[in-house]
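**Q** Sharing a structure below in C-alpha cells format, with a few things to ask.
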Amino acid sequence: MWHCEISCYSPPPEEVRTRPQKTPPKASFERRGRGGQTFLTTPSAHAEVASQRFLDAQPPLLWRRGIAACVTIMCLTLMLIEPGCTTTSRPEPDPAPGIALTLATQRAQTINNLRYELSFDIRAAASEPVQGRAAIRFARTNNDQPLVLDFAPGAESLTSVSTNGKSSQFRSVNGHIVIPAAELSAGLNTVEIAFRAGDASLNRNPDFMYSLFVPARAHLAFPCFDQPDLKARFSLTLNTPSDWVSVSNGAELSRESSGQRLKIRYAETEPIPTYLFAFAAGKFQVETAERNGRTMRMFHRETDAEKVQRNRDAVFDLHASSLAWLEKYTGIPYAFGKFDFVLIPSFQFGGMEHPGAIFYNAASILMEKSATENQMLNRASTIAHESSHMWFGDLVTMRWFNDVWMKEVFANFMAAKIVNPAFPNVNHELRFLLSNYPAAYSVDRTQGTHPIRQELENLNEAGSLYGAIIYEKAPIVMRQLERILGPEQLQQGLQTYLKQFQFGNATWLDLVHLLDERTALDLAAWSRAWVEEAGRPSVRAEVQGRNIVFTQPDARWIQQIDVLIGSTKGLRTVPVQLQKEKTEIDSDTAPQFVLPTGGGVAYGNFTLDEASRAFLLKHLPELNDPLTRGAAWVTLWEELLDRRVQPQEFMDLALRALPRENTEQNVQLILGYAGRTFWSFLSDKARATVAPKLEQTLRSGIAQASSSTMKATYFSAFRSSVTTPEGVAFLERVWRRQEKIPGLMLSEPDEAAMALELAVRSVPSTPAILEQQRGRFMNPDRKARFEFVMPALSGDPAVRDKFFESLSDVRNRRREPWVAEGLAYLNHPLRRPQSEKYLRPALELLREVQRTGDIFFPTNWTYATLGGHNSQSAAETVKGFLAEQKDYPIRLRRVILQSADELFRAEAMQNPQDHDRLRSRS
Ligand SMILES: [Zn+2]
C-alpha cells in the first residue's frame with residue numbers, strides 16, 4: 001500500500017519503444033541488444049522470465065524491437081546456418097532521464113547474477129551527508145553496449161568509479177552513470193563506486209532515518225539498476241552513531257564499536273528488487289517476541305510505554321496468524337529468513353512490504369484505547385496486507401510497474417480472507433460494494449477512463465498509474481476471477497505461479513496463462529476485456545413473462561453475477577453467467593422486479609426494465625437486506641446519470657429512505673448521492689422547492705441518529721446543503737455556540753467548516769464570522785489553512801479574483817489541499833455565475849500544475865474547479881478547451897474528462913432534446 005511522488009521528465013522518444021508481439025515458440029533463445037547484435041544463449045530461468053516482459057509468455061520467445069524487427073528475423077534465419085551473423089553497431093544515444101522501459105528491458109536481458117555490496121556512513125546530524133560505497137557484481141551477456149547504471153545525484157556526488165579494478169572513463173548523463181563497453185568483460189564484472197548518497201529517499205530526521213525506495217527511488221540514494229526485474233542479493237554495512245539501532249532486510253551478522261561509532265554488517269539477502277531493499281537507523285526501542293517458533297522484533301519510537309504494552313501482543317499475534325495463514329494457503333514457507341517490522345511516525349503510506357523489515361505508519365499500528373472496531377479492522381487488514389506481500393510482490397515480483405496493481409490487489413484479496421472472519425459484526429460484502437463500486441464507476445463511466453493495465457514507458461511516470469481503476473476496479477475484477485475459477489482452482493493456480501516464479505518476476509499475463517488451463521472459459525479473452533481494455537459493460541435487463549433476458553451489445557464482457565428476483569413468493573438470488581450478446585433465464589413466476597446487481601457482484605452500466613425501475617423507486621426502502629439496498633442505490637444512481645431516472649424522483653426516494661435506513665454505510669451513500677443531486681442535477685427552482693424537506697430530513701437524522709458517527713454524518717450533510725433562511729440561521733447559532741446539538745461534539749475543523757459554509761452563503765456578518773473563527777484556532781496549522789482559504793470566500797469579487805490569480809504562482813500552490821479547498825469554495829454552486837470565468841484559466845494552468853505538483857494534485861485541482869458547475873456554458877468551456885488542445889498529454893486529458901463527467905451529464909439533463917438529437921445523429 002503506497003503512493004509515490006512523481007518527477008517530471010518527458011517520455012523517451014517514440015522510435016525506441018518496445019513493441020511486444022506474439023510469436024511462435026522457438027527452439028532456442030534469441031536475445032538482442034539495442035545496436036542490433038544477435039546472439040544465442042542457453043536458456044536459463046532468468047533469461048526465460050527476462051524475455052517475457054508484457055507478453056503472454058509462451059517461453060522461449062523471440063523479441064522484436066521497432067524498426068529493427070526485420071533485421072532480427074533475417075539474422076535468426078542466417079544464424080541457424082551461420083552463427084557469426086552480426087549487424088553493425090550504431091552509436092548509442094544518451095539514456096533518457098528516469099528509468100525508461102527500453103533501458104530496463106535491455107538490462108534485464110543482458111545482466112544476471114547481480115549482487116550489491118553497499119555500505120553507508122550515517123551521521124546523527126541530518127545536515128551531514130551520508131557517504132556510501134557500492135561494489136556491484138554481475139555477469140553480462142552483451143559486451144558491445146556501454147553499461148548504464150542509475151544514480152540521480154549525478155557527477156558531483158561521485159568520488160570514484162572503477163571497473164574491474166581500474167579507474168573508469170565513465171560519463172554522467174541524465175541521472176545515469178555510463179560505463180564504456182571496453183571496460184567490461186564477458187564474464188563476471190565488478191563496478192566499485194564511492195559516492196555521496198542523495199537524501200531524497202533517505203527520510204532523514206533529527207534522531208532517525210529510513211529509506212523508502214519504491215517505486216524507483218533507490219537510485220536517488222545510491223548507484224544501482226533501479227528496476228523491479230533485476231533482482232539482486234544485497235549485502236549491507238551500516239556505520240552509525242553508537243547509540244543508534246538499525247535494521248535492514250538481512251539478519252545482523254556482526255557489530256564493531258569504535259569510539260562514538262558502530263559498524264553493523266547484515267547478512268546477504270535473498271534476491272530482491274531495489275524497491276524492496278530497505279534500512280532504518282536511529283533511536284528506536286525494540287520489542288521482541290516469539291510466535292510459532294519465529295522470533296519477531298518490533299522497532300518503534302513511541303514514548304507512551306503503556307500504549308506499547310497494550311498493543312504489542314496483538315500486533316505480534318496478527319503478524320503470526322497472517323504468516324501462518326499465508327504459508328498454508330500458498331504451500332510455501334516464509335522465504336526471507338528473519339522477520340522484523342518498524343513503526344515510523346508520519347510514514348508516507350500505511351505500510352511498505354520490505355521483506356524482513358516491513359515499515360508501518362506507527363499511528364495505524366499502535367491504537368488508542370478508544371479505537372473503534374473499524375480502526376481495529378483496518379489495523380488487522382494492514383498487517384495482513386503487508387504480510388501477504390511477502391509472497392505476492394516480494395517472492396514473485398511484477399516485471400514492470402505497469403503490473404503494480406496486481407500485487408496490491410492480491411495483498412488486499414488475501415488480507416480480506418485472513419482478517420474478515422475475525423470481525424463477524426461487520427457487513428463485509430456491503431463494505432466491499434460501497435468502498436469499490438461507486439469509486440470505480442466514477443472513472444470507468446467517463447470518457448477519461450483507462451485500462452487496469454496501462455502502458456508505462458518510464459518509471460518516472462509510475463505515479464500516474466494510480467487512481468480508482470487500480471485501487472477500486474481491480475479488486476472487483478479479482479473477485480470475478482475467483483468466481484470464474486472457484487476458490488480451490490484459484491488457490492492451486494496461485495501456488496503454481498508462486499513456485500514457478502519464486503525469487504523472480506512475472507507479468508499478469510504469465511498468471512493468466514497458468515490459470516487459463518484451469519477453466520473452460522477463455523481466460524485470455526476475459527483478461528483482455530476486464531484488465532487490458534478500458535470501460536465497463538452495458539447490460540439491459542428485460543422481463544418477458546417468466547423470462548428474464550439480459551442483452552449486452554458488446555459480447556467481450558464475461559461475468560458471473562447474482563441476480564435478485566422479487567416476486568409475490570418473496571426474494572430469490574439466481575447466479576447467472578453473462579456471456580455473449582444475450583443471456584436468458586427462466587424465472588418460476590412472473591417477477592415484480594429484477595435487480596441484476598442485487599447480489600452486490602455485477603459490474604457495469606445496468607439498464608433496468610421499466611417495471612423494476614418503478615418498483616425500486618417506490619419500494620427500495622422496504623428491502624430487508626442492507627447489501628441489496630446498497631446495490632439498488634448504486635444502480636439507481638447510474639440510471640440517474642444516464643437520465644433513465646429523473647433527479648426529482650431520485651431525491652424524493654432519498655428523502656423517504658433516509659428516515660428508515662439504519663445501516664450507517666448506506667446512510668453515507670444516500671447522503672452523498674442526495675447532495676450531488678441537490679447541487680448538480682436539480683434546477684434552481686426544484687432545488688428551492690425541495691430544500692425545506694431536505695433540511696427537515698437531515699435535522700431529524702441528526703436528532704435520531706443511533707451513534708455519534710451517524711450524527712456527524714448527518715450534520716456534515718446538513719452543513720453543506722443548507723440553503724433556507726431558517727436552516728442557515730440554525731447553522732449560525734450552532735457555530736456561535738448558542739445552540740448545542742445533543743450527543744455531537746464539534747471539533748475545531750467542524751467549526752472552521754461551518755464558518756466557511758456560512759461565508760459562502762453570504763450571511764450578513766460574514767467578515768466578522770471569518771475574523772472570529774480565525775481567533776478561535778488553537779492549532780496553528782489549521783489556522784494557517786483557514787487564513788489561506790479566507791479570500792476565496794470574500795463577498796468582494798475583486799478579492800476572490802486576486803485569490804485565483806495568486807494560484808498561477810507555484811509558491812502559492814505548495815499547500816495542495818489548501819489550494820483545492822480554496823478552489824472548491826471559489827467555484828461553489830452558490831457562486832456559479834461569478835466563477836465561470838475561472839474555468840478556462842484553471843484548465844490552462846493544469847499542465848504546469850502537473851509539472852510542479854504531487855501526483856494526485858492535477859485530479860484534485862480539476863475536480864475542485866469543475867465540481868461546482870453544471871451549466872451549459874461551463875460544459876462548453878471545457879469541451880472547447882479540449883477541442884483546441886491537439887497535442888495535449890493523454891493522461892491529463894483523461895483527468896479533465898473524468899472531472900468534467902458530472903458537469904457534462906448535468907448539462908445533458910438540462911437540455912435533453914439537444915443531446916438526444918446529437919445522439920441520434922451520431
Ligand atoms: Zn500493498
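The values are calculated or read from the model by the stated rules, or taken from the named source; none is laboratory data. A quick note: this is a predicted structure, and the numbers were derived from the prediction, not measured. Reconstructed Cβ throughout: ideal geometry from the backbone, glycine too, with neighbour counts over all protein chains shown. Areas reflect the complete protein model, heavy atoms only, side chains present, ligands, DNA and RNA absent. Shrake-Rupley method; radii C 1.70, N 1.55, O 1.52, S 1.80 Å.
**Q** Can you confirm whether region 577-587 contains a residue that is among the aliphatic types (A, V, I, L, M), assigned to a strand (DSSP E or B) and touching a strand residue (DSSP E or B) at 6+ places or on another chain (Cβ under 6 Å)?
**A** Within region 577-587, one or more residues are among the aliphatic types (A, V, I, L, M), assigned to a strand (DSSP E or B) and touching a strand residue (DSSP E or B) at 6+ places or on another chain (Cβ under 6 Å).
**Q** With the condition kept exactly as written, say whether any residue in region 581-595 is in contact (Cβ under 8 Å) with a residue 24 or more places away in the chain, crowded, with 23+ Cβ neighbours inside 10 Å and within 31 Å of the chain's Cα centre (by Cα).
**A** yes
**Q** Another question, then. Between residues in region 524-535 that are closer than 17 Å to GLN447 by Cα and residues that are assigned to a helix (DSSP H, G or I) and not hydroxyl-bearing (Ser, Thr, Tyr), which pairs lie under 6 Å by C-beta distance while being six or more apart or on different chains?
**A** Every condition considered, the pairs that remain are TRP530/VAL477.
**Q** Determine whether PHE606 is part of a helix (DSSP H, G or I), on the phi < 0 side of the Ramachandran plot and at pLDDT 95 or above.
**A** no
**Q** Looking at ALA611, is it of a type in the set (Gly, Ala, Ser), under 23 Å from TRP633 (Cα atoms) and open to solvent by 20 Å² or more (accessible area, probe 1.4 Å)?
**A** Yes.
**Q** Could you pull out the residue among SER162, SER235, SER246, SER211 that is among the polar types (S, T, N, Q) and farther than 22 Å from ALA281 by Cα?
**A** It is SER162.
**Q** In region 457-514, how many are over 27 Å from ASP562 (Cβ atoms) and not in a helix (DSSP H, G or I)?
**A** Summing the residues that are over 27 Å from ASP562 (Cβ atoms) and not in a helix (DSSP H, G or I) in region 457-514 gives 10.
**Q** Scan region 792-805 for residues that are open to solvent by 60 Å² or more (accessible area, probe 1.4 Å) and in a loop (DSSP other than H, G, I, E, B) and jot them down.
**A** Within region 792-805, GLY795, ASP796 qualify.
**Q** Tell me, which strands (runs of 3 or more DSSP E) lie completely within region 207-280 with 1 or more residues that are touching a helix residue (DSSP H, G or I) at 6+ places or on another chain (Cβ under 6 Å) and open to solvent by 10 Å² or more (accessible area, probe 1.4 Å)?
**A** none
**Q** Which of the residues spanning region 235-256 are closer than 23 Å to ARG301 by Cβ and free of Cβ contacts under 8 Å to residues at least 60 places away in the same chain?
**A** Those that are closer than 23 Å to ARG301 by Cβ and free of Cβ contacts under 8 Å to residues at least 60 places away in the same chain: SER242, ASP243, VAL245, SER246, GLU252, ARG255.
**Q** Across region 453-470, what is the number of residues that are closer than 13 Å to MET406 by Cβ and open to solvent by 10 Å² or more (accessible area, probe 1.4 Å)?
**A** Number satisfying all stated conditions: 2.
**Q** Just need a number here: residues in region 424-452 that are surrounded by fewer than 17 Cβ atoms within 10 Å (Cβ to Cβ), farther than 20 Å from TRP637 by Cβ and not β-branched (Val, Ile, Thr).
**A** Total meeting the criteria: 3.
**Q** Collect the residues in region 323-341 that are more than 16 Å from the ligand (Cβ to nearest atom) and more than 30 Å from GLN489 (Cβ to Cβ), keeping them in residue-number order.
**A** Matches in region 323-341: GLY337, LYS338, PHE339, ASP340.
**Q** Right, here's the next one. Using the structure shown, decide if ALA320 is surrounded by 22 or more Cβ atoms within 10 Å (Cβ to Cβ) and either small (Gly, Ala, Ser) or under 16 Å from LEU395 (Cβ atoms) (or both).
**A** Criteria not met by ALA320.
**Q** Just the residues that are closer than 22 Å to TRP530 by Cβ and among the aliphatic types (A, V, I, L, M), please, taken from region 482-502.
**A** Selection gives ILE484, LEU485, LEU490, LEU494.
**Q** Name the residues in region 370-410 that are of a type in the set (Lys, Arg) and within 14 Å of the ligand (Cβ to nearest atom), would you?
**A** The one that is of a type in the set (Lys, Arg) and within 14 Å of the ligand (Cβ to nearest atom): LYS407.
**Q** On to the next question. Read through the list (1) free of Cβ contacts under 8 Å to residues at least 60 places away in the same chain; (2) away from the ligand (no atom under 13 Å from the Cβ), then give the number of the only condition that ILE358 fails.
**A** Single failed check for ILE358: (2).
**Q** What are the residues in region 813-832 that are open to solvent by 40 Å² or more (accessible area, probe 1.4 Å) and at pLDDT 95 or above, if any?
**A** Passing the criteria: GLU821, ALA824, LEU830.
**Q** Tell me which residues, restricted to region 537-559, are modelled with pLDDT of 95 or more, under 26 Å from the mean Cα position of the chain (by Cα) and either open to solvent by 40 Å² or more (accessible area, probe 1.4 Å) or over 18 Å from ILE469 (Cβ atoms) (or both).
**A** Correct list: SER538 only.
**Q** Now, a different point. In this structure, is SER721 open to solvent by 30 Å² or more (accessible area, probe 1.4 Å) and either among the hydroxyl-bearing types (Ser, Thr, Tyr) or touching a residue at least 40 places away in the same chain (Cβ under 8 Å) (or both)?
**A** In short, no.
**Q** Looking for something on the phi > 0 side of the Ramachandran plot and assigned to a loop (DSSP other than H, G, I, E, B) - is there at least one such residue anywhere in region 649-664?
**A** Within region 649-664 (the criterion being on the phi > 0 side of the Ramachandran plot and assigned to a loop (DSSP other than H, G, I, E, B)), the answer is no, since none of the residues qualifies.
**Q** So, in region 838-868, how many residues would count as being more than 18 Å from the chain's Cα centre (by Cα), farther than 14 Å from LEU897 by Cα, buried (at least 18 other Cβ atoms within 10 Å of the Cβ) and not hydrophobic (A, V, I, L, M, F, W, C)?
**A** 2
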